[in-house]
Amino acid sequence: MHRRLILVSGAVLLFALTLAGPVLAAPPSQTSSDPTDWTVLALGITYLLPIGLILLSIAAFPEEGAVSATTGALVVWGLAVLADFAVGFAFQFGGIAVFHNDPDLAGLYWEYSLLDTTWGTGWGMIGLRGFLLLDAAATAGALTLFLSQLPFLGVATLLVYFALQGRTQPWVILLTSLLMGSLIYPIIGNWVWAAGWLANLGINLGFGHGLVDAGGSGQAVLVGASAALAALLVFRKRPANGPNAADETPDGDEGTDAATAWHDGAAQPDEPETVSMPPVQLPLLGSLGATLMLIGWIGTVFMTHLPTAIDVLPAATAVNLVLSALGATQMAGLYSWFTTSKLNPLMGARGMAAGLVVAAAAAPFVAAWSALAAGLVIGLLLPLLIYLFDRVIRLDDTASAVAAFGIPAILGLLLAGVVADGRYGVGWNGVGEESYLGVEGQGVSGLLVAAGFTPDWPGQIYAQLVGIAAIFAWSFVLSWLLLRILAGLIHAWERTGWETGPP
């Protein structure tokens, strides 16, 4: 079993290196003289994000399920990419030319909104150009946009995939992946990145610079975690030791996997309940996965960001990501050490992932101390959040989509509204290109700003709160409706005696 898992994991890494290899192998003269080459290099590195997530997630799965889960992860990511190729890209970027003056994207000029134009022109809700990457979407700029979104789409899709592992039939997971790639992720991407109404909250309502999410990584994680929460609630596992365990355990679930063992291991009525860390099956893969996610996220720093910004510094952004990730790793690891007398490798790896997520949305706009503080806080909270969702609420979230990704994504989006210090992000989302709040050169700002800048309170936090609510509502409700319908079909087939097959 170990040999099979090593082979499959090696294949996953080879897949990542194949994507990044052409640009990583380019001679220095081809990667240093032209900014476009740097963008291509960064694109290759960002594909380590979903690969790292796969390795981190399977570290918590039992060996017998880890191989199939790893292989299936590539399948569902591929399905989501096909859906994005067919319709998702058009829904996301089909109207980007309305607000972004790039000759390479000029043909993508059809942005639809349910609101009348008297409400303004910045209420875009869905793009309608670029299906199948034809015509206006066949330019170099449009194709680069398509490639840039696939790692984030992979993260969102994989969070749902691992949440559904062992809970339902494979075809349900496949349909969910198609929905993610065709509708759920692209629509949110349109709202945040491409002439959508969330990005234009600053222009239309005066809410700061609109929803601020550097690179779109915060919204990608929140989309996936929200959909994963819907999946966990619809196909909820029941304790295997309950009075009705035989009736309540979902079809195909044995009720004795590693995820349920954490909170069902002390179920004997005469024994006191003991608290332990979540089980880790493959600790080295977990640490490797978190490290690859760190490298992949740093790659996003050097990508070309669509919201126009004059003075975002890639080096400062990368430093903030690293400080937050390592700070969270230290706190999560030390917590496990002090509570169980030994370091828990999975908790440390998840801490690194949570630190990256909490810093991702606001990393270009905050001071280094803010990013470090955010990482330390989320690292300390992470074990408590895992305990809350797995042991108190009993979601049986094996891959920790909600605790390690969803909650940090929300806190990260809020971070920009509180500690963005005004030094960076001039002109972000088209707001304050010359001056902002009466200060020349002031960028994205929250409550705590640097000397010489004016706090943007509560304007920016309003934009962040509206954005969080919209992203969660769209992703959770749409996923819940689909999964609820599919669960009803499964139950109807079972009542009629139809065979649905193994999970």
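The values are calculated or read from the model by the stated rules, or taken from the named source; none is laboratory data. Because the structure is a prediction, the values reported are computed rather than measured. Cβ placement follows ideal geometry from the backbone for every residue including glycine, while neighbour counts extend to all protein chains displayed. Protein only, heavy atoms only, side chains kept; ligands, DNA and RNA dropped before computing areas. Shrake-Rupley method; radii C 1.70, N 1.55, O 1.52, S 1.80 Å.
Points to keep in mind about this one:
- Selection within the stretch 92-147 - in a loop (DSSP other than H, G, I, E, B) and of a type in the set (Ser, Thr, Tyr): TYR109, SER113, THR121, THR139
- From the options LEU164, LEU201, LEU153, LEU134, residue that is of a type outside the set (Val, Ile, Thr) and either on the phi > 0 side of the Ramachandran plot or open to solvent by 10 Å² or more (accessible area, probe 1.4 Å) (or both): LEU134
- When the stretch 417-430 is limited to residues that are assigned to a helix (DSSP H, G or I) and modelled with pLDDT of 95 or more, the one that is surrounded by the most Cβ atoms within 10 Å (Cβ to Cβ) turns out to be GLY417.
- Any hit, the stretch 381-391, residues being open to solvent by less than 10 Å² (accessible area, probe 1.4 Å) and under 18 Å from the mean Cα position of the chain (by Cα): yes
- Matching option when the condition is within 23 Å of the chain's Cα centre (by Cα), at pLDDT below 85 and either open to solvent by 60 Å² or more (accessible area, probe 1.4 Å) or under 16 Å from GLN165 (Cβ atoms) (or both), among LEU41, LEU19: LEU19
Yes/no matrix, rows are residues, columns are (1) open to solvent by 30 Å² or more (accessible area, probe 1.4 Å); (2) out of contact with any helix residue (DSSP H, G or I) (no Cβ under 6 Å at 6 or more places or on another chain); (3) farther than 30 Å from GLY44 by Cβ; (4) without any contact (Cβ under 8 Å) to a residue 40 or more places away in the chain:
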residue	(1), (2), (3), (4)
GLN92	no, no, no, no
GLY95	no, yes, no, no
ASP104	yes, no, no, yes
LEU114	yes, yes, yes, yes
TRP119	yes, yes, yes, no
ARG129	yes, no, no, yes
ALA138	yes, yes, no, yes
GLY141	no, no, no, yes
THR144	yes, yes, no, no
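- Qualifying residue in the stretch 408-421 (condition: out of contact with any strand residue (DSSP E or B) (no Cβ under 9 Å at 6 or more places or on another chain) and more than 30 Å from ALA163 (Cβ to Cβ)): yes
Matching residues to (1) surrounded by fewer than 23 Cβ atoms within 10 Å (Cβ to Cβ); (2) on the phi < 0 side of the Ramachandran plot:
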| position | (1), (2) |
| --- | --- |
| GLY432 | no, no |
| GLY441 | yes, no |
| TRP474 | yes, yes |
| TRP480 | yes, yes |
| ALA487 | yes, yes |
| GLU494 | yes, yes |
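- Any hit, the stretch 415-435, residues being of a type in the set (A, V, I, L, M) and closer than 23 Å to LEU49 by Cβ: yes
- Selection over the stretch 46-68 of residues that are in contact with a Pro (Cβ under 9 Å, 6 or more places away or on another chain) and open to solvent by 10 Å² or more (accessible area, probe 1.4 Å) gives a count of 3.
- Filtered residue count, the stretch 352-369, keeping only those that are assigned to a helix (DSSP H, G or I) and in contact (Cβ under 8 Å) with a residue 60 or more places away in the chain: 8
- Every condition in (1) over 16 Å from the mean Cα position of the chain (by Cα); (2) within 24 Å of SER475 (Cβ to Cβ) is met by ALA156 except one, and the failing one is (1).
- Out of PHE389, PHE365, PHE338, PHE405, sole residue that is of a type in the set (Phe, Trp, Tyr) and in contact with an Asp or Glu (Cβ under 6 Å, 6 or more places away or on another chain): PHE389
- For the condition touching a helix residue (DSSP H, G or I) at 6+ places or on another chain (Cβ under 9 Å), farther than 25 Å from TRP191 by Cα and open to solvent by 20 Å² or more (accessible area, probe 1.4 Å), ALA367 does not qualify.
- Filter result for the condition that a residue is surrounded by 24 or more Cβ atoms within 10 Å (Cβ to Cβ), of a type in the set (Gly, Ala, Ser), at pLDDT 95 or above and over 27 Å from GLN330 (Cα atoms), over GLY375, GLY467, GLY412: GLY467
- Residue count for the stretch 433-452, restricted to those that are in contact with a Ser or Thr (Cβ under 6 Å, 6 or more places away or on another chain) and in a loop (DSSP other than H, G, I, E, B): 1
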